[in-house]
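Here's the structure, in C-alpha coordinates; my notes come after.
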Amino acid sequence: MRILVGCEMTYDFAQETPVIAMLNVHASRFSDLERPDNLLTVPAVPLEGYRDTFGNWCNRFVAPAGRFTLRTDTVVRDHGRWDPTEPDAPQDAVQGLPAETLLYLLGSRYCETDRLSQTAWDLFGTMAPGWARVQAICDYVHDRISFGYEHSRPTRTALEAFEERRGVCRDYAHLAITFCRCLNIPARYCTGYISDIGLPLPHTPGDFAAWMEIYLGGRWHTFDPRNNSPRIGRILIAYGRDAADVPLTLTFGPNTLLDFRVTTEEARPLTA
(Lines give C-alpha, C1' and ligand atoms only; values in the text may rest on other atoms or scores of the structure.)
Protein backbone atom coordinates (compact mmCIF):
# COMPACT_ATOMS: atom_id res chain seq x y z
CA MET A 1 0.00 0.00 0.00
CA ARG A 2 1.15 3.54 -0.82
CA ILE A 3 0.15 6.33 1.59
CA LEU A 4 0.53 10.00 0.74
CA VAL A 5 1.40 12.06 3.81
CA GLY A 6 2.29 15.70 4.19
CA CYS A 7 1.44 19.01 5.73
CA GLU A 8 1.45 22.72 5.03
CA MET A 9 1.52 25.42 7.72
CA THR A 10 1.36 29.15 7.07
CA TYR A 11 2.29 31.66 9.75
CA ASP A 12 2.42 35.41 10.10
CA PHE A 13 5.50 36.40 12.08
CA ALA A 14 5.64 39.82 13.69
CA GLN A 15 9.42 39.82 13.54
CA GLU A 16 12.34 37.65 12.52
CA THR A 17 11.84 34.51 14.63
CA PRO A 18 13.86 31.34 15.33
CA VAL A 19 11.84 28.13 14.78
CA ILE A 20 12.39 24.41 15.34
CA ALA A 21 10.20 22.12 13.19
CA MET A 22 9.67 18.41 13.85
CA LEU A 23 7.71 17.38 10.74
CA ASN A 24 9.75 14.65 9.06
CA VAL A 25 8.79 10.98 9.16
CA HIS A 26 10.69 9.10 11.86
CA ALA A 27 13.95 7.37 10.96
CA SER A 28 12.37 3.96 11.63
CA ARG A 29 10.33 4.47 8.44
CA PHE A 30 13.05 5.97 6.22
CA SER A 31 13.39 2.82 4.14
CA ASP A 32 9.65 3.00 3.38
CA LEU A 33 9.79 6.47 1.80
CA GLU A 34 9.53 6.67 -1.98
CA ARG A 35 11.19 10.08 -1.90
CA PRO A 36 12.78 12.23 0.81
CA ASP A 37 10.25 14.30 2.78
CA ASN A 38 12.42 17.40 2.65
CA LEU A 39 11.09 20.42 4.49
CA LEU A 40 10.44 23.34 2.11
CA THR A 41 9.82 26.93 3.13
CA VAL A 42 8.35 29.94 1.35
CA PRO A 43 10.27 32.19 1.28
CA ALA A 44 13.28 29.90 1.26
CA VAL A 45 15.58 30.11 4.28
CA PRO A 46 18.66 28.09 5.33
CA LEU A 47 17.79 24.97 7.35
CA GLU A 48 19.99 23.17 9.86
CA GLY A 49 19.03 19.56 10.60
CA TYR A 50 19.88 17.70 13.79
CA ARG A 51 18.72 14.80 15.95
CA ASP A 52 17.31 15.54 19.38
CA THR A 53 17.87 13.58 22.60
CA PHE A 54 15.35 10.92 21.52
CA GLY A 55 16.71 10.53 17.98
CA ASN A 56 13.91 12.50 16.30
CA TRP A 57 14.86 14.56 13.24
CA CYS A 58 14.51 18.34 13.69
CA ASN A 59 15.06 21.36 11.45
CA ARG A 60 16.03 24.74 12.88
CA PHE A 61 15.88 28.01 10.98
CA VAL A 62 15.02 31.67 11.29
CA ALA A 63 11.71 32.73 9.77
CA PRO A 64 11.57 36.28 8.38
CA ALA A 65 8.91 38.75 9.44
CA GLY A 66 5.64 38.44 7.54
CA ARG A 67 3.90 35.52 5.88
CA PHE A 68 5.87 32.26 6.02
CA THR A 69 4.95 28.73 4.90
CA LEU A 70 6.35 25.31 5.85
CA ARG A 71 5.61 22.36 3.59
CA THR A 72 6.60 18.69 3.39
CA ASP A 73 5.19 15.56 1.75
CA THR A 74 6.16 12.07 0.70
CA VAL A 75 4.71 8.68 -0.17
CA VAL A 76 5.18 5.94 2.40
CA ARG A 77 5.13 2.27 1.45
CA ASP A 78 3.09 0.53 4.14
CA HIS A 79 2.20 -3.13 4.75
CA GLY A 80 -1.47 -2.13 4.82
CA ARG A 81 -2.25 -4.16 7.91
CA TRP A 82 -4.00 -3.06 11.09
CA ASP A 83 -1.95 -2.17 14.18
CA PRO A 84 -0.77 -5.50 15.60
CA THR A 85 -1.99 -6.81 18.95
CA GLU A 86 -0.26 -9.25 21.27
CA PRO A 87 -2.70 -10.14 24.09
CA ASP A 88 -0.19 -12.46 25.77
CA ALA A 89 2.57 -9.83 26.07
CA PRO A 90 3.70 -9.79 29.73
CA GLN A 91 4.69 -6.85 31.89
CA ASP A 92 8.44 -6.79 32.48
CA ALA A 93 9.78 -6.57 36.03
CA VAL A 94 11.42 -3.21 36.67
CA GLN A 95 14.75 -4.85 37.52
CA GLY A 96 14.72 -6.57 34.12
CA LEU A 97 13.96 -3.50 32.02
CA PRO A 98 16.62 -2.17 29.62
CA ALA A 99 18.23 0.98 30.97
CA GLU A 100 16.98 3.08 28.04
CA THR A 101 13.34 2.39 29.01
CA LEU A 102 13.63 3.61 32.61
CA LEU A 103 13.16 7.25 31.55
CA TYR A 104 9.63 6.34 30.50
CA LEU A 105 8.69 5.31 34.04
CA LEU A 106 9.24 8.83 35.38
CA GLY A 107 6.91 11.78 35.72
CA SER A 108 7.22 14.54 33.13
CA ARG A 109 5.77 17.96 32.24
CA TYR A 110 2.27 16.69 31.36
CA CYS A 111 2.33 13.34 33.18
CA GLU A 112 2.15 13.82 36.96
CA THR A 113 2.84 10.33 38.23
CA ASP A 114 3.15 11.58 41.79
CA ARG A 115 -0.39 12.99 41.81
CA LEU A 116 -2.09 10.10 40.01
CA SER A 117 -0.23 7.12 41.48
CA GLN A 118 -2.83 6.22 44.10
CA THR A 119 -5.65 6.61 41.57
CA ALA A 120 -3.87 4.31 39.14
CA TRP A 121 -3.37 1.59 41.75
CA ASP A 122 -6.95 1.94 42.99
CA LEU A 123 -8.32 1.55 39.45
CA PHE A 124 -5.98 -1.05 37.95
CA GLY A 125 -3.81 -2.46 40.72
CA THR A 126 -5.77 -5.69 41.13
CA MET A 127 -5.60 -6.56 37.42
CA ALA A 128 -3.13 -9.11 36.12
CA PRO A 129 -0.01 -7.35 34.74
CA GLY A 130 0.49 -7.33 31.00
CA TRP A 131 -1.39 -6.46 27.84
CA ALA A 132 -4.86 -6.74 29.39
CA ARG A 133 -4.01 -4.19 32.08
CA VAL A 134 -2.80 -1.67 29.50
CA GLN A 135 -5.91 -2.27 27.40
CA ALA A 136 -8.05 -1.70 30.49
CA ILE A 137 -6.30 1.64 30.97
CA CYS A 138 -7.04 2.58 27.35
CA ASP A 139 -10.69 1.55 27.74
CA TYR A 140 -11.04 3.64 30.89
CA VAL A 141 -9.38 6.74 29.42
CA HIS A 142 -11.33 6.41 26.16
CA ASP A 143 -14.61 6.31 28.08
CA ARG A 144 -13.74 8.96 30.66
CA ILE A 145 -12.61 11.76 28.32
CA SER A 146 -15.01 13.49 25.93
CA PHE A 147 -13.26 14.42 22.67
CA GLY A 148 -13.64 17.82 21.02
CA TYR A 149 -11.28 20.19 19.21
CA GLU A 150 -12.99 23.01 21.09
CA HIS A 151 -11.59 21.44 24.28
CA SER A 152 -7.98 21.80 23.13
CA ARG A 153 -5.70 23.56 25.61
CA PRO A 154 -1.91 23.33 25.32
CA THR A 155 -1.33 23.53 29.07
CA ARG A 156 -3.71 20.71 30.12
CA THR A 157 -1.96 17.98 32.11
CA ALA A 158 -2.94 14.37 32.70
CA LEU A 159 -4.41 15.21 36.10
CA GLU A 160 -6.45 18.06 34.61
CA ALA A 161 -7.70 15.78 31.82
CA PHE A 162 -8.72 13.24 34.47
CA GLU A 163 -10.60 15.88 36.45
CA GLU A 164 -12.12 17.83 33.53
CA ARG A 165 -13.03 14.69 31.54
CA ARG A 166 -12.54 16.37 28.17
CA GLY A 167 -9.74 17.02 25.72
CA VAL A 168 -8.08 16.04 22.46
CA CYS A 169 -5.85 13.12 21.48
CA ARG A 170 -2.81 14.40 23.38
CA ASP A 171 -4.85 14.49 26.59
CA TYR A 172 -5.96 10.87 26.14
CA ALA A 173 -2.35 9.87 25.58
CA HIS A 174 -1.03 11.82 28.56
CA LEU A 175 -3.53 10.32 30.98
CA ALA A 176 -3.02 6.75 29.76
CA ILE A 177 0.76 7.17 29.79
CA THR A 178 0.63 8.47 33.34
CA PHE A 179 -1.45 5.55 34.57
CA CYS A 180 0.96 3.10 32.91
CA ARG A 181 4.02 4.72 34.46
CA CYS A 182 2.36 4.71 37.88
CA LEU A 183 2.00 0.93 37.48
CA ASN A 184 5.69 0.51 36.53
CA ILE A 185 5.02 0.08 32.81
CA PRO A 186 7.31 2.14 30.51
CA ALA A 187 5.21 4.41 28.30
CA ARG A 188 6.24 7.00 25.72
CA TYR A 189 4.31 9.66 23.83
CA CYS A 190 4.13 9.44 20.02
CA THR A 191 3.05 11.89 17.37
CA GLY A 192 2.54 11.31 13.68
CA TYR A 193 0.08 10.79 10.87
CA ILE A 194 -2.99 8.63 11.35
CA SER A 195 -5.45 7.70 8.63
CA ASP A 196 -8.95 6.25 8.43
CA ILE A 197 -7.96 3.87 5.63
CA GLY A 198 -10.09 0.75 5.82
CA LEU A 199 -12.78 2.27 8.03
CA PRO A 200 -16.40 2.57 6.85
CA LEU A 201 -17.45 5.80 5.18
CA PRO A 202 -18.16 8.52 6.00
CA HIS A 203 -15.16 9.45 8.07
CA THR A 204 -13.04 12.51 8.69
CA PRO A 205 -9.83 13.15 6.73
CA GLY A 206 -6.57 11.88 8.15
CA ASP A 207 -4.69 14.12 10.53
CA PHE A 208 -1.78 14.46 12.91
CA ALA A 209 -2.49 12.52 16.08
CA ALA A 210 -1.00 11.45 19.39
CA TRP A 211 -0.83 7.89 20.69
CA MET A 212 1.48 5.94 22.97
CA GLU A 213 3.95 3.09 22.84
CA ILE A 214 4.14 0.68 25.78
CA TYR A 215 7.06 -1.59 26.64
CA LEU A 216 5.79 -5.12 27.24
CA GLY A 217 7.46 -8.49 26.75
CA GLY A 218 10.77 -7.00 25.66
CA ARG A 219 9.58 -4.57 22.98
CA TRP A 220 7.43 -1.52 22.27
CA HIS A 221 3.75 -1.88 21.31
CA THR A 222 1.28 0.70 19.94
CA PHE A 223 -1.81 1.67 21.94
CA ASP A 224 -4.23 4.45 20.99
CA PRO A 225 -6.49 5.50 23.89
CA ARG A 226 -8.16 8.22 21.80
CA ASN A 227 -9.45 5.92 19.03
CA ASN A 228 -9.09 2.73 21.08
CA SER A 229 -9.07 0.61 17.93
CA PRO A 230 -6.40 -0.50 15.43
CA ARG A 231 -5.58 1.68 12.42
CA ILE A 232 -3.99 1.15 9.02
CA GLY A 233 -1.34 3.65 8.02
CA ARG A 234 -0.04 4.95 11.35
CA ILE A 235 3.12 6.87 10.40
CA LEU A 236 5.38 7.91 13.27
CA ILE A 237 7.06 11.32 13.25
CA ALA A 238 8.56 11.51 16.74
CA TYR A 239 8.39 10.19 20.28
CA GLY A 240 9.39 11.47 23.71
CA ARG A 241 8.26 11.64 27.32
CA ASP A 242 5.20 13.74 26.50
CA ALA A 243 4.03 16.49 24.15
CA ALA A 244 6.60 18.93 25.51
CA ASP A 245 9.34 16.86 23.86
CA VAL A 246 7.76 16.59 20.40
CA PRO A 247 6.06 19.83 19.31
CA LEU A 248 5.42 19.95 15.56
CA THR A 249 6.82 23.47 15.59
CA LEU A 250 8.48 25.43 18.37
CA THR A 251 8.57 29.18 17.75
CA PHE A 252 10.68 31.58 19.76
CA GLY A 253 8.58 34.70 19.26
CA PRO A 254 5.05 35.98 18.61
CA ASN A 255 3.18 34.60 15.59
CA THR A 256 -0.22 33.79 14.18
CA LEU A 257 -1.04 30.48 12.52
CA LEU A 258 -2.97 31.44 9.38
CA ASP A 259 -3.50 28.03 7.75
CA PHE A 260 -2.90 24.40 8.68
CA ARG A 261 -3.41 21.45 6.33
CA VAL A 262 -2.59 17.77 6.77
CA THR A 263 -2.72 15.02 4.15
CA THR A 264 -2.76 11.32 4.94
CA GLU A 265 -4.55 9.19 2.37
CA GLU A 266 -4.09 6.10 0.26
CA ALA A 267 -2.24 6.86 -2.97
CA ARG A 268 -2.92 5.10 -6.25
CA PRO A 269 -0.82 1.99 -6.94
CA LEU A 270 2.14 2.47 -9.26
CA THR A 271 1.44 1.30 -12.79
CA ALA A 272 3.86 -0.89 -14.69
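Can you say whether residue 41 is free of Cβ contacts under 8 Å to residues at least 60 places away in the same chain and either touching a Gly at 6+ places or on another chain (Cβ under 6 Å) or in a strand (DSSP E or B) (or both), as far as the supplied structure shows? Outline the logic, then answer.
Numbers: free of Cβ contacts under 8 Å to residues at least 60 places away in the same chain: yes; either touching a Gly at 6+ places or on another chain (Cβ under 6 Å) or in a strand (DSSP E or B) (or both): yes.
Answer is yes for this residue.
Residue check: is residue 253 assigned by TED's automatic domain parsing to the domain that holds residue 188, in contact with a Ser or Thr (Cβ under 6 Å, 6 or more places away or on another chain) and not in a strand (DSSP E or B)? If you could, list the steps in order and put the result at the bottom.
Values: assigned by TED's automatic domain parsing to the domain that holds residue 188: no; in contact with a Ser or Thr (Cβ under 6 Å, 6 or more places away or on another chain): yes; not in a strand (DSSP E or B): yes.
It is false that residue 253 is assigned by TED's automatic domain parsing to the domain that holds residue 188, in contact with a Ser or Thr (Cβ under 6 Å, 6 or more places away or on another chain) and not in a strand (DSSP E or B).
Within segment 153-171, can you find the residues that are polar (S, T, N, Q) and surrounded by 14 or more Cβ atoms within 10 Å (Cβ to Cβ)? Show your work before the answer.
The first filter runs over segment 153-171 and keeps only residues polar (S, T, N, Q), leaving 155, 157.
If the condition is that a residue be polar (S, T, N, Q) and surrounded by 14 or more Cβ atoms within 10 Å (Cβ to Cβ), then 157 is the only one that fits.
Name the one entry in 244, 210 that is modelled with pLDDT of 95 or more, in a strand (DSSP E or B), touching a Ser or Thr at 6+ places or on another chain (Cβ under 8 Å) and surrounded by 14 or more Cβ atoms within 10 Å (Cβ to Cβ).
Being modelled with pLDDT of 95 or more, in a strand (DSSP E or B), touching a Ser or Thr at 6+ places or on another chain (Cβ under 8 Å) and surrounded by 14 or more Cβ atoms within 10 Å (Cβ to Cβ) holds for just one of 244, 210, which is 210.
Which of the residues belonging to segment 9-40 are farther than 22 Å from residue 207 by Cβ and either crowded, with 19+ Cβ neighbours inside 10 Å or assigned by TED's automatic domain parsing to the domain that holds residue 233 (or both)?
Of everything in segment 9-40, just one residue is farther than 22 Å from residue 207 by Cβ and either crowded, with 19+ Cβ neighbours inside 10 Å or assigned by TED's automatic domain parsing to the domain that holds residue 233 (or both), namely 13.
Select from segment 190-207 the residues that are modelled with pLDDT of 95 or more and crowded, with 22+ Cβ neighbours inside 10 Å and list them in ascending order.
Restricting attention to segment 190-207, the residues satisfying the condition of being modelled with pLDDT of 95 or more are 190-193.
190, 191, 193, listed by residue number.
Which of the residues spanning segment 86-101 are surrounded by 12 or more Cβ atoms within 10 Å (Cβ to Cβ), in a helix (DSSP H, G or I) and within 24 Å of the chain's Cα centre (by Cα)? Working first, answer last.
Filtering segment 86-101 down to residues surrounded by 12 or more Cβ atoms within 10 Å (Cβ to Cβ) leaves 86, 89-92, 94, 97, 101.
Retained after the next criterion (residues that are in a helix (DSSP H, G or I)): 94, 101.
Once the filter is applied, which keeps residues that are surrounded by 12 or more Cβ atoms within 10 Å (Cβ to Cβ), in a helix (DSSP H, G or I) and within 24 Å of the chain's Cα centre (by Cα), segment 86-101 yields only 101.
State yes or no: is residue 118 under 19 Å from residue 215 (Cβ atoms) and polar (S, T, N, Q)? Explain how you work it out, then say what you get.
Numbers: under 19 Å from residue 215 (Cβ atoms): no; polar (S, T, N, Q): yes.
No.
Just checking, does segment 178-189 include any residue being under 22 Å from residue 115 (Cα atoms), surrounded by fewer than 24 Cβ atoms within 10 Å (Cβ to Cβ), out of contact with any helix residue (DSSP H, G or I) (no Cβ under 8 Å at 6 or more places or on another chain) and at pLDDT 95 or above?
Looking through segment 178-189, none of the residues is under 22 Å from residue 115 (Cα atoms), surrounded by fewer than 24 Cβ atoms within 10 Å (Cβ to Cβ), out of contact with any helix residue (DSSP H, G or I) (no Cβ under 8 Å at 6 or more places or on another chain) and at pLDDT 95 or above.
Anything in segment 118-159 that is small (Gly, Ala, Ser) and in contact with a Ser or Thr (Cβ under 9 Å, 6 or more places away or on another chain)? List them, or say none.
Initial filter on segment 118-159 (small (Gly, Ala, Ser)): 120, 125, 128, 130, 132, 136, 146, 148, 152, 158.
Matches in segment 118-159: 120, 158.
The values are calculated or read from the model by the stated rules, or taken from the named source; none is laboratory data. Here the structure is a predicted model, which means the values were calculated and not measured. Cβ atoms come from the backbone with ideal geometry, glycine included; neighbour counts cover every protein chain shown.
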